[in-house]
Amino acid sequence: MAKRIGLFICWCGSNIGGVVDVPRVVEETKNYPGVAFATDYKYMCSEPGQNLIISKVKEHNLDRVVVASCTPMLHEPTFRKAIARAGLNPYMFDMANIREQCSWVHSNDKEAATQKAIALVKRALAKVSQVEPLFESSIPITKKALVVGAGIAGIQVALDIADSGHEVILLERESTIGGNMVKLDKTFPTMDCSACISTPKMVQAAQHPNITIMTYAELVDVQGYIGNFEITIKQKARYVDHTICTGCGLCTEKCPTKVLSSFELGMGKRKAIYIEFPQAVPNKPVIDPDNCRYLKNGKCGICKKLCPVGAVDFEQKDELIEEKVGAIVIATGYDLIKWEEIYGEYGYGRFKDVITGLQFERLVNASGPTNGLIQRPSDGKEPKTVVFIKCVGSRDEAKAKEYCSRACCMYTAKHAHQVIEKIEGGHAYIFYMDVRTPGKAYDEFYRRTVDEGAQYIRGRVSKIYQSGDKLVVMGADTLLGSAVHIEADLVVLATAMVPTEGSEKIAQLAGVNIDKDGFFIEAHPKLRPVETMTGGVFLAGACQGPKDIPDTVSQASGAAAKVAALLSNEEMATDPMICHIDEKMCSGCLVCKEVCPYKAISEKTITERIAGQPVERMVASVNTGLCQGCGNCTVACRAGAANLKGYTNLQLLSEVDALCR
Amino acid sequence: MMNLTKQIREQAKKLLEEKKVDLVIGFGQGTELARTTPVFIDSPEGVSALTWGPFCANNLAKYLVDYKNAPGNVAIVVKGCDSRSVIRLLDDNQISRDKIVVIGVPCAGQLEWQKVADEVKPDATLKETVDNGDSFVVKTSTGDHTFNKKDYMLHRCLVCENPNPVIADFTIGEELPVKNYAERFAEVEELEQLGLEEKSAYWDKQFSRCLRCYACRNVCSVCTCELCVFDQMKPMWVSKRTNLSENTVFHITRAFHVAGRCVDCGECDRVCPMDIPIRKLNQKIHKDLKDLFDSPTPGSKEGLLSALGEFSLGDPEEFM
Ligand SMILES: Cc1cc2nc3c(=O)[nH]c(=O)nc-3n(C[C@H](O)[C@H](O)[C@H](O)COP(=O)(O)OP(=O)(O)OC[C@H]3O[C@@H](n4cnc5c(N)ncnc54)[C@H](O)[C@@H]3O)c2cc1C
Ligand code: SF4
Ligand code: SF4
Ligand code: SF4
Ligand code: SF4
Ligand code: SF4
């Protein structure tokens, strides 16, 4: 049957019509083979415009449609729906972009813009001549989410998803949830106590009927696809049976082994059987197998003897747990850059009194190793002169990271304020490159710190050296153009935030990409900031890029909204524009399988009749749930057996031919 | 070389007698002195047709594909370069390992038959060939001839990386050392020196002669598609017309289809009736892959992914 194409060309008011000679485009394309009806209209996307399309489809018995207007990003769905209302398959459609690609970019050359519009319309006509109806199918959805990482981002995501009525597994590799925020003392700009606002959320998560917290556990495998992930979690052996442990703490009190605490960033001690901090969730201990005397050489076992409920179990083993979820949120947060390996000018970590901002947080924290008294690590004295150095590892293309870590300007102002407030006769000097305080009430906070007497020195520090019990900080004041020497008691480095260790592995498991610095890449930096290019996998918090708590929490709620929307459906429609493999053309070389980023291709055996004999051979097979229609395989397949529906080789070649004619 | 021929025959005979294989694919003496022809032997009595020497240029590996659905196993005689094709066919899932038996023969080099034919009397018959290290002595009914390898060998043999088969169930004779008689990419480098216009003129001259007989594709062990794009009608990737423009598209397309998989066996070059230096296109890609990614020659190891057939999250995407 002959094709009956309807061609509708839009003026977009004067947006297109002011540059492109629309009537001429109609004139020059209406006789293209297959065009049964062609017209132009002021606003195709408007209600009357859409009704025009619908009535003409019916009136002229059109079987496919081309609209020449703006970018398909904007109105392809609009027009697809319109022709569906007219009774056509919505994929019997193509668009020519004569606005962004013609009138807007060639506004000073009307003739060229018109010529290009004609060519692009012919291209669309060539394509639409080859299209075939496509049908969405549907896949069921597992109404449960996995959140990887239980910092404030992960906790917020879990709470919001759980509140919308869906089950959540909140996975954390440490023995407690909370992440970096629980280590902080006060939070800028309001200076409310970090623990006071974050621990209630931790408890809320623990008590929420829809949330299952799994601490001391890691993600080891992800299979499947949006709506239907099959995940494997490794529950590391805790050597304490949490189902019976009451958290009385007798064991931790009596354990004879003391080691440096990573929670206190090496400034305090903990036992071999330990709870990270008093408000930990769950508030039950784990045994650190690298340091426990019993696990190392079979001697001791005091905790086991003392435990009144017999919860200590040295025989416990790592356990693999399989779960099914419909969505995954990555919220693995950040670490601080290993500055000791990079910055010789600050002593490569040799000077005990050169510490990071996070260590400073522990020093001012009432529940920290010094009970909130600012005492320097070397001799426990209260420092009078404290020097802060900003952008250590951030904005340093030569030695470390190019990006800005975003929270440091503000927390350094916070720390300087704390020095002035808490230390009698305390002085705070801050070496900086710029002060960046874009945030609600942020600049006000910084100004107040300056007014209190914090001395901001614009310039870099070239060297720190020990002189007696002082640290001599040598720097430059680039505003005054002079050298600066400060004899400091304590130096605090605002070190760069980097993706947490192991992010790469999570990226690989979940099939998402990371950028050159290792942060997870969002689907679109502006318009899809919490989604990834992999369906069903979302991002929240500092794992996507450095950010402070307000931004982290907003992004977390955003991600939760996306997950809740996904899980609120029983089934989801799959995009029909995915790979199709022509089995008779497939030679089974499986190059397509190697290049598929979504692991959507596997092999299967088919039976063919060759010379009257049944012959079994292997061909490629696409999992329609996993395929995202990226088209990698279609390029890799030399014979063209792999084809992208909606963008078939035949369609693309017809378009090229039309453009070259 | 007579000794090697004898050993190949014995091995083939044993395999056929013991019913380990139903067929042996090997080299047999051709009608001309300096040429061999593929032989397909299905009985122990037939093994006397097998031969070996410096005139076994053909790469027989592609024939394995024809027998992939046949009942029984197939043995094949391969040189070092041919053995890379066998690995490539295995990696492309075109043959299965348990259906084939590889008889590997360390290869001392193959002579260009035309050069030899030019110097030997047309009615001469071959008595024996002897490998003397850097030359071959060809003994014929009308006298003996010595051919220096440097001057008479195929280019691919002058730069051979694998005189010893990289895959073999049985190896015939002693392993041989790798000898380089020429720089592997010297000819490509020479072409690279040309200006754009000159390069274009060079290739126009070559491609315009192409008959589109597809001998190059048919012999190629990495051209194993069920339906080659050049034989498809819908879509018509390349028109069937034979002219410079269509021929150019044919050659460039094929070069990219074999890119990262071409085992540099040189067969396309050798079989072309128009003497089009097709292998130079492939070699340019080999050279670039070596320079940019340190890629080994495809087929030289099992399980190598082809440069255009791999997806890695660690790819720096510098061009984006
Ligand atoms: C010194 C300092 C002071 C700061 N002060 C402030 C402030 O005053 N106000 C403010 O707004 N912001 C402040 N910030 C920023 C704040 O810390 C972050 O915005 C916030 O902690 C980010 O939260 P998150 O949940 O994204 O990451 P994180 O807190 O890093 O949480 C990530 C969690 O994921 C877990 N995890 C990681 N990988 C895995 C894995 N593979 N499997 C399972 N679990 C995993 C981690 O163990 C961790 O619990 C400060 C930052 C620093 C460095
Ligand atoms: S690349 Fe093409 S021929 Fe090879 S397995 Fe995939 S679909 Fe089949
Ligand atoms: S289009 Fe091909 S490569 Fe891309 S996801 Fe689908 S099957 Fe994989
Ligand atoms: S392209 Fe030529 S050299 Fe390469 S494998 Fe094929 S026939 Fe051999
Ligand atoms: S030329 Fe390309 S399509 Fe044709 S057989 Fe070779 S690889 Fe396959
Ligand atoms: S063998 Fe030679 S003539 Fe024949 S198609 Fe190939 S390049 Fe052309």
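Answer yes or no: is there a residue in segment B:175-188 that is out of contact with any Gly (no Cβ under 9 Å at 6 or more places or on another chain), open to solvent by 50 Å² or more (accessible area, probe 1.4 Å) and over 21 Å from B:Pro298 (Cβ atoms). Yes - at least one qualifying residue is present in segment B:175-188. Residues in segment B:10-39 that are open to solvent by less than 80 Å² (accessible area, probe 1.4 Å), modelled with pLDDT of 95 or more and either touching a Phe, Trp or Tyr at 6+ places or on another chain (Cβ under 8 Å) or part of a helix (DSSP H, G or I) (or both): B:Gln11, B:Ala12, B:Leu15, B:Leu16, B:Leu23, B:Val24, B:Ile25, B:Phe27, B:Thr36, B:Thr37, B:Pro38, B:Val39.
Select, from B:Val229, B:Val271, the only residue that is away from ligand 2 (no atom under 16 Å from the Cβ) and farther than 30 Å from A:Ala510 by Cα. Break it down into steps so the answer makes sense when it comes.
Details: B:Val229 fails: away from ligand 2 (no atom under 16 Å from the Cβ).
Of B:Val229, B:Val271, the one residue that is away from ligand 2 (no atom under 16 Å from the Cβ) and farther than 30 Å from A:Ala510 by Cα is B:Val271.
For A:Gln50, the conditions (1) without any contact (Cβ under 8 Å) to a residue 40 or more places away in the chain; (2) at positive phi; (3) in contact with a helix residue (DSSP H, G or I) (Cβ under 6 Å, 6 or more places away or on another chain) all hold with the exception of (2).
Open to solvent by less than 40 Å² (accessible area, probe 1.4 Å), farther than 15 Å from A:Ile389 by Cα, outside any loop (DSSP other than H, G, I, E, B) and of a type in the set (S, T, N, Q), is that true of A:Thr437? Quick ask: steps written out before the conclusion?
Values: open to solvent by less than 40 Å² (accessible area, probe 1.4 Å): yes; farther than 15 Å from A:Ile389 by Cα: yes; outside any loop (DSSP other than H, G, I, E, B): no; of a type in the set (S, T, N, Q): yes.
Considered against the rule, which asks whether it is open to solvent by less than 40 Å² (accessible area, probe 1.4 Å), farther than 15 Å from A:Ile389 by Cα, outside any loop (DSSP other than H, G, I, E, B) and of a type in the set (S, T, N, Q), A:Thr437 comes out as no.
In this entry, A:Val387 is excluded by the filter for residues that are away from ligand 2 (no atom under 16 Å from the Cβ), under 25 Å from A:Phe277 (Cβ atoms), in contact with a Phe, Trp or Tyr (Cβ under 8 Å, 6 or more places away or on another chain) and open to solvent by less than 30 Å² (accessible area, probe 1.4 Å).
Considering only segment A:618-641, I want to know if a residue exists there that is in contact with a Ser or Thr (Cβ under 6 Å, 6 or more places away or on another chain), within 23 Å of B:Val222 (Cβ to Cβ) and within 12 Å of another protein chain (Cβ to nearest Cβ). Yes, segment A:618-641 contains a residue that is in contact with a Ser or Thr (Cβ under 6 Å, 6 or more places away or on another chain), within 23 Å of B:Val222 (Cβ to Cβ) and within 12 Å of another protein chain (Cβ to nearest Cβ). Scanning segment B:202-216 for residues that are surrounded by fewer than 21 Cβ atoms within 10 Å (Cβ to Cβ), touching a residue at least 40 places away in the same chain (Cβ under 8 Å) and within 13 Å of ligand 4 (Cβ to nearest atom) turns up just one, B:Ala215. Across segment B:83-94, which residue is nearest to B:Cys157 (Cα to Cα) among those that are buried (at least 20 other Cβ atoms within 10 Å of the Cβ) and of a type outside the set (S, T, N, Q)? So, considering only residues that are buried (at least 20 other Cβ atoms within 10 Å of the Cβ) and of a type outside the set (S, T, N, Q), the one nearest to B:Cys157 (Cα to Cα) is B:Arg84. Please identify the pairs in which a residue from segment A:92-106 that is farther than 11 Å from A:Val20 by Cβ has its Cβ atom under 6 Å from the Cβ atom of a residue that is among the hydroxyl-bearing types (Ser, Thr, Tyr) and not in a helix (DSSP H, G or I), counting only partners at least 6 apart or on another chain. If the second residue must be among the hydroxyl-bearing types (Ser, Thr, Tyr) and not in a helix (DSSP H, G or I), the pairs left are A:Asn97/A:Thr71; A:Glu100/A:Thr71. The residues of segment A:279-330 that are touching a helix residue (DSSP H, G or I) at 6+ places or on another chain (Cβ under 8 Å) and closer than 30 Å to A:Met533 by Cβ, listed by number, are A:Gly326, A:Ala327, A:Ile328, A:Val329, A:Ile330. Please go through segment A:21-63 and give me each residue that is farther than 25 Å from A:Asp109 by Cβ, of a type in the set (Lys, Arg) and either open to solvent by 70 Å² or more (accessible area, probe 1.4 Å) or outside the structural domain of A:Met73 (by TED's automatic domain parsing) (or both), ordered by number. Within segment A:21-63, just A:Lys58 meets the criteria.
Listed by first and then second residue, the pairs linking a residue in segment A:238-253 that is closer than 16 Å to A:Ser175 by Cβ to a residue that is in a loop (DSSP other than H, G, I, E, B) and open to solvent by 60 Å² or more (accessible area, probe 1.4 Å), with Cβ atoms under 9 Å apart and 6 or more places separating them unless they lie on different chains, are A:Tyr239/A:Glu315; A:Asp241/A:Val309; A:Cys245/A:Val309; A:Gly247/A:Asn283; A:Gly249/A:Asn283. Scanning segment A:537-548 turns up one or more residues that are part of a strand (DSSP E or B), over 14 Å from A:Ile226 (Cβ atoms) and away from every other protein chain (no Cβ under 14 Å). What is the residue count in segment A:644-654 for residues that are crowded, with 21+ Cβ neighbours inside 10 Å and more than 10 Å from chain B (Cβ to nearest Cβ)? Total satisfying the criteria: 1. Taken as a whole, segment A:162-181 holds at least one residue that is out of contact with any helix residue (DSSP H, G or I) (no Cβ under 7 Å at 6 or more places or on another chain) and crowded, with 24+ Cβ neighbours inside 10 Å. Being of a type outside the set (A, V, I, L, M) and free of Cβ contacts under 8 Å to residues at least 60 places away in the same chain is a property that A:Tyr432 has. Among the criteria (1) at the interface with another protein chain (Cβ under 9 Å from one of its Cβ atoms); (2) touching a Gly at 6+ places or on another chain (Cβ under 8 Å), the one A:Asp575 does not fulfil is (1).
Flag: A:Asp582 matches the condition of being within 10 Å of another protein chain (Cβ to nearest Cβ) and open to solvent by less than 70 Å² (accessible area, probe 1.4 Å). Looking across A:Val553, A:Val563, A:Val591, one residue alone is within 16 Å of ligand 3 (Cβ to nearest atom) and touching a residue at least 24 places away in the same chain (Cβ under 8 Å). It is A:Val591.
Scan segment B:67-82 for residues that are surrounded by 20 or more Cβ atoms within 10 Å (Cβ to Cβ) and touching a Ser or Thr at 6+ places or on another chain (Cβ under 9 Å) and jot them down.
So the first thing to find is which residues in segment B:67-82 are surrounded by 20 or more Cβ atoms within 10 Å (Cβ to Cβ), and the list is B:74-82.
Within segment B:67-82, B:Val78, B:Asp82 qualify.
Considering A:Ala84, A:Ala68, the condition of being within 37 Å of the chain's Cα centre (by Cα), in the same structural domain as A:Ser14 (by TED's automatic domain parsing), of a type in the set (Gly, Ala, Ser) and open to solvent by 20 Å² or more (accessible area, probe 1.4 Å) is satisfied by A:Ala84 alone. Residues in segment A:56-88 that are farther than 23 Å from A:Gly18 by Cα and free of Cβ contacts under 8 Å to residues at least 24 places away in the same chain: A:Glu59, A:Pro77, A:Arg80, A:Lys81, A:Ala84. Taking the criterion of being open to solvent by 30 Å² or more (accessible area, probe 1.4 Å) and at pLDDT 95 or above, the residues of segment A:559-576 that qualify are A:Ala561, A:Lys562, A:Ala565, A:Ser568.
Could you tell me whether any residue of segment A:600-610 is farther than 22 Å from A:Lys645 by Cβ and within 9 Å of chain B (Cβ to nearest Cβ)?
Restricting attention to segment A:600-610, the residues satisfying the condition of being farther than 22 Å from A:Lys645 by Cβ are A:605, A:607-610.
Still in the running and within 9 Å of chain B (Cβ to nearest Cβ): A:610.
Checked segment A:600-610: at least one residue is farther than 22 Å from A:Lys645 by Cβ and within 9 Å of chain B (Cβ to nearest Cβ).
Would you check if A:Val131 is modelled with pLDDT of 95 or more, open to solvent by 10 Å² or more (accessible area, probe 1.4 Å), over 26 Å from A:Ala2 (Cα atoms) and under 37 Å from the mean Cα position of the chain (by Cα)? Judged against the criteria, A:Val131 is not a match. If you check B:Leu60 against the conditions, is it crowded, with 17+ Cβ neighbours inside 10 Å and outside the structural domain of B:Thr36 (by TED's automatic domain parsing)? When the stated conditions are applied, B:Leu60 does not pass them.
The values are calculated or read from the model by the stated rules, or taken from the named source; none is laboratory data. The model shown is predicted, which means the values in this text are computed figures rather than measured ones. Quick reminder, even Gly has a Cβ in these numbers, built from the backbone with ideal geometry, and neighbours come from all protein chains shown. With ligands, DNA and RNA removed, areas are computed over all heavy atoms of the protein, side chains included. Shrake-Rupley method; radii C 1.70, N 1.55, O 1.52, S 1.80 Å.
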